[in-house]
Amino acid sequence: MTFMPMNILITGASGYIGEELVREALACGHKVYAASRNASSNPSVTSVTYNLASYRAFSIPDDIDAIFHLAANTTESEISASTEVEAAVDLIGLAHRSGARFIYVSSQVAREYAPTAYGRTKWEIEQAVIAAKGMVVRPGQVYGGQEKGLFGQLCSKLRKFPVIPAFLPAPAIQPIHIKDLADGLLNCLQHPKDTARIFSLGSEAPISFTYFLQSISLIRNRRLGVLIPMPVWAIRLVLMVLGTRLATAVGLNKLRSLIDLPLMNTGEDLHSLGLQLRSFESGLTKSGNYRRRALIVEANTLLSYVLKAPPPQSLLRLYVTAVESLRNKRPLGLPATVTRWPILIALFDTVNMKSRSENEEYSWRIRVAVRIAETSSLHSTRFILSARPVGIWRGLLQILLALFTDCCWRVASTILFYVFPKYFSFEKDANA
């Protein structure tokens, strides 16, 4: 969306979501007031001291157009739930008196009878925001970017202890990348002022929490985790025996919210805010975008096919640079079957490939791979005829063998493309 520059104040600006929102807001040309307990190290923002425990001493600058309220009590501290609600109500009043719009970042667990005080507090603040004609954003499971917040805790624990609890049945979550969430929050500014609305933001298709943990371990930490079955009924029994106070003290009370997490209908809200979420697997990479990694896999596949040997890193970099500089920077989306066995690229060199819409781009990239391999001093001998003389009969035999091999590949491609199309089709989400 196109943004009109605004003066915005962000409470909780030093938190996991707050830091990303600050970066995205600055990139959009907004003037940012970072409100938190500690001054921001970012020289591009104006730091404002804000503490939930001493909210009555806080006042907002005169020129604020919008307030994003992210500050929350996420740990068991001296700040009570009632103090957190009172601080939010006071901030809403300041926003109303200054004519600033108010956007509150809540949680998917927020509801009146939530199993935890955290969820009930979020719901109570939501009611005050809606009553004041403000906006509420309920994000799903936030992930990606810096390893901070709950996402950072999960990454760290899975790195130290590669044991993955496999809940039976597995709770379903709706992940959203932190950059997509920041974009969604800023897009709220495009909606009319004094719009009382709750936006639910997260993946339309839920995934299991077990798969979420497995993916963090595999993609983020690059290691396989050991699955340990954990029946949900057993967890409920333990929580019931411990009681709320003791379960909270040992850090198990959050499992109540996870087990009873309500699903959100996010499709309409994502469309309303103009959000198209990146794929979960793409967002889990450190860059938050699977594109470059996919290009490296593509380079390895094509160059391995051309060279009939694993290519060095230098050639992979040349290929990726060529695609990013001269084309659309997007991977072809080669099927996993082909990336696993590069020799199967020969199937795409047959007449069956000529009718495919991807043929032109595929042909260009094959030519690039060949030229890169040809210019490599390490592998140039593969493309230079041997100085050793070859007899007539041996040369004829080599020609006949090449013709026979080509015929075999053509027959194989005809069978495989039509009998097993899903294993030899370009991925549709290659642009992620």
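The values are calculated or read from the model by the stated rules, or taken from the named source; none is laboratory data. Because the structure is a prediction, the values reported are computed rather than measured. With ideal geometry, Cβ positions are generated from the backbone for all residues, glycine too; neighbour counts draw on all protein chains shown. The accessibility values were calculated without ligands, DNA or RNA, using every heavy atom of the protein model including side chains. Shrake-Rupley method; radii C 1.70, N 1.55, O 1.52, S 1.80 Å.
A few comments on the model shown:
- Of note, PHE167 does not satisfy the criterion of being surrounded by 14 or more Cβ atoms within 10 Å (Cβ to Cβ), aromatic (Phe, Trp, Tyr) and modelled with pLDDT of 90 or more.
- Filtered residues of segment 28-47 (kept if more than 19 Å from VAL89 (Cα to Cα) and not in a loop (DSSP other than H, G, I, E, B)): LYS31, VAL32, TYR33, ALA34, THR46, SER47
- Of the listed requirements (1) more than 22 Å from LEU261 (Cα to Cα); (2) surrounded by fewer than 13 Cβ atoms within 10 Å (Cβ to Cβ), ILE219 misses just one: (2).
- Segment 115-144: number of residues that are within 21 Å of LYS254 (Cβ to Cβ) and in a loop (DSSP other than H, G, I, E, B): 4
- Of the residues making up segment 218-262, those that are closer than 18 Å to ALA172 by Cα, in contact with a Ser or Thr (Cβ under 8 Å, 6 or more places away or on another chain) and assigned to a helix (DSSP H, G or I) are LYS254, ARG256, SER257.
- Enumeration of residues in segment 259-299 that are open to solvent by 60 Å² or more (accessible area, probe 1.4 Å) and either in contact with a Gly (Cβ under 7 Å, 6 or more places away or on another chain) or in contact (Cβ under 8 Å) with a residue 60 or more places away in the chain (or both): LEU263, ASN265, ARG278, GLU281, LYS286, TYR290, ARG291
- Residue within segment 298-318 that is at pLDDT 85 or above, closer than 20 Å to GLN108 by Cα and not charged (D, E, K, R) present: no
- Note on segment 73-94: residues that are over 14 Å from GLN127 (Cβ atoms) and crowded, with 22+ Cβ neighbours inside 10 Å amount to 2.
- Restricting VAL32, VAL105, VAL48, VAL22 to residues that are open to solvent by 20 Å² or more (accessible area, probe 1.4 Å) and not hydroxyl-bearing (Ser, Thr, Tyr) narrows the list to VAL48.
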